[in-house]
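The values are calculated or read from the model by the stated rules, or taken from the named source; none is laboratory data. The model shown is predicted, which means the values in this text are computed figures rather than measured ones. Cβ placement follows ideal geometry from the backbone for every residue including glycine, while neighbour counts extend to all protein chains displayed.
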Amino acid sequence: MKIENPANGALVADVPEDTAATVEKAYARARAAQPAWAATPLAERIGRVARFRDLVEANKEALALTMTREMGKPVKQALNELNALRGRIDFFLEHVTAVMAEETVLHQPDGGLDEVIGQEPLGVIANVSAWNYPWFVGSNVFVPALLTGNTVVYKPSEYTTLTGRRIAELWHEAGVPEDAFIGVVGGGAVGAALVDQPVDGVFFTGSYATGRRIAERVAPRMVRLQLELGGKDPTYVTDDVDVRAAAESLADGAMYNTGQSCCSVERIYVHERVEAAFVEAFVDVVRGFKLGDPEDPETYIGPLARRAQLDVLDAQVADAVAQGAKLLAGGKRAARPGAYYEPTVLAGATQRMLLMQDESFGPIIGIAKVANDDEAVAAMNDTQYGLTAGVYSRDVPRAERLLARVNAGSVYINACDRVSPRLPWTGRRHSGIGSTLSTYGIRAFLQPKAWHKKRV
């Protein structure tokens, strides 16, 4: 499998791809290793995960450069991802002991009966991960999975293969047995082969289309399934905002990581009283973003990881303009080698446009004018997705009332595009099922056992 730098098309590496047969062997190894790993004292598992965290920290500059060269993330943003990883891992380390503790729900000293809830690992986890934040989305799964006594067969995206291989190497260097965490390499066929193994849990991060195929494939087996899928995340800018501050925040929320985030701001609705001023400020901010070599620390907009997405963005721009949207910035591929697309702003957007319905996953945003709060809420809910949503307003109670009516798993007031390890990350409708992060994201890898203890 050839790995090419999306910034210039240069060959980064040529690595052997797994086959259905080697994936089956990887599963068998993980199955055989799971009882011993589960029997390893929790304190020892915690220590090895902490060692992994420290190894990532010690190697973060080289790890960031690898990510930049294989998927195009600007190197400063790659370092941001690695720097923030520590907080996520520390959260899991801090809370796993309490989550796994037995809970006595009934104690009868005279009657001689105790009722106790115990926790056991699921077993073997298949983790098919994503390329846009390979450390974040991977750690949301494999860190709590390993801490709770599961073994993991991990397939990174083919667009971050080298990062995935380094993740496996660092786990083994940290003391996790080679058969407790096994990486496999390849594209969709390898992912399908992994999902088809008789694992105890399937955890996938990626598109709705692939997630649906996985759900259909796994359903008859009645195993734990978690799907972290995409979004078409809306934000409403009310009429009482600091227009410049809102524009700066939302431009970053729309364009960070070159717009390749499941929680990127993808639709903006602005109250008609401030729409003109907001659009002017927003375009001014976007025009200040530097597009260029992702290895340059000053670069903010890098290449798209997937060249095929250029066609999607072209189609969304053409459709929006044909339906009357005003192209105010960008709107085309950048005039340079590599999979670059200019940061693009379209005002006067309507719900009928592809730009406001289909996930973009690129540096492009549609802005629509609304007359009032009710119109904004109706437009925000006009989607098959339900990942995040936000409201910008000086009136926090007003924002709370509005967001209570929006069907999304995470909501933001005067903020966007942030993820906290303390809060559950969960999607609704086409944005997925299940939760990562928070204590919910630890319990996802456990199954309860009900104990009835009668003393005689």
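Results, tabulated for the structure shown:
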read-out: Residue check for S139: in contact with a Lys or Arg (Cβ under 7 Å, 6 or more places away or on another chain) and under 27 Å from S261 (Cβ atoms); value: yes
read-out: All positions within the stretch 413-425 that are without any contact (Cβ under 8 Å) to a residue 24 or more places away in the chain and either among the small types (G, A, S) or at positive phi (or both); value: S420
read-out: Hits in the stretch 327-360 - residues which are basic (K, R) and within 19 Å of P234 (Cα to Cα); value: R352
read-out: Pair list, Cβ under 9 Å, 6 or more apart: the stretch 438-450 residue among the basic types (K, R), other residue assigned to a loop (DSSP other than H, G, I, E, B); value: R443/T148
read-out: Within the stretch 101-127, considering residues that are of a type in the set (A, V, I, L, M) and under 30 Å from E24 (Cα atoms), the one surrounded by the most Cβ atoms within 10 Å (Cβ to Cβ); value: A126
read-out: Candidates G112, G72, G164 - the one that is under 26 Å from G211 (Cα atoms) and in contact with a strand residue (DSSP E or B) (Cβ under 8 Å, 6 or more places away or on another chain); value: G164
read-out: V202 within 17 Å of Y27 (Cα to Cα), surrounded by 24 or more Cβ atoms within 10 Å (Cβ to Cβ) and touching a residue at least 24 places away in the same chain (Cβ under 8 Å); value: no
read-out: Verdict on P16 being assigned by TED's automatic domain parsing to the domain that holds A174 and either exposed (fewer than 14 other Cβ atoms within 10 Å of the Cβ) or among the acidic types (D, E) (or both); value: yes
read-out: Failed condition for R428, given (1) among the charged types (D, E, K, R); (2) touching a Leu at 6+ places or on another chain (Cβ under 8 Å); (3) without any contact (Cβ under 8 Å) to a residue 12 or more places away in the chain; value: (3)
read-out: Selection status of A276, free of Cβ contacts under 8 Å to residues at least 60 places away in the same chain and buried (at least 20 other Cβ atoms within 10 Å of the Cβ); value: no
read-out: Test: residue in the stretch 39-55 that is aliphatic (A, V, I, L, M), in contact with a Lys or Arg (Cβ under 9 Å, 6 or more places away or on another chain) and touching a residue at least 24 places away in the same chain (Cβ under 8 Å); value: no
read-out: The one condition in (1) outside the structural domain of I413 (by TED's automatic domain parsing); (2) under 25 Å from G72 (Cα atoms) that G288 fails to fulfil; value: (1)
read-out: Selected residue (criterion: nearest to the chain's Cα centre (by Cα)) from residues of the stretch 341-362 that are of a type in the set (S, T, Y) and more than 15 Å from G253 (Cα to Cα); value: Y341
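Yes/no matrix, rows are residues, columns are (1) of a type in the set (S, T, N, Q); (2) at pLDDT 95 or above; (3) over 16 Å from M255 (Cα atoms):
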| site | (1), (2), (3) |
| --- | --- |
| G324 | no, yes, yes |
| A339 | no, yes, no |
| A371 | no, yes, yes |
| N381 | yes, yes, yes |
| Y392 | no, yes, yes |
| G409 | no, yes, yes |
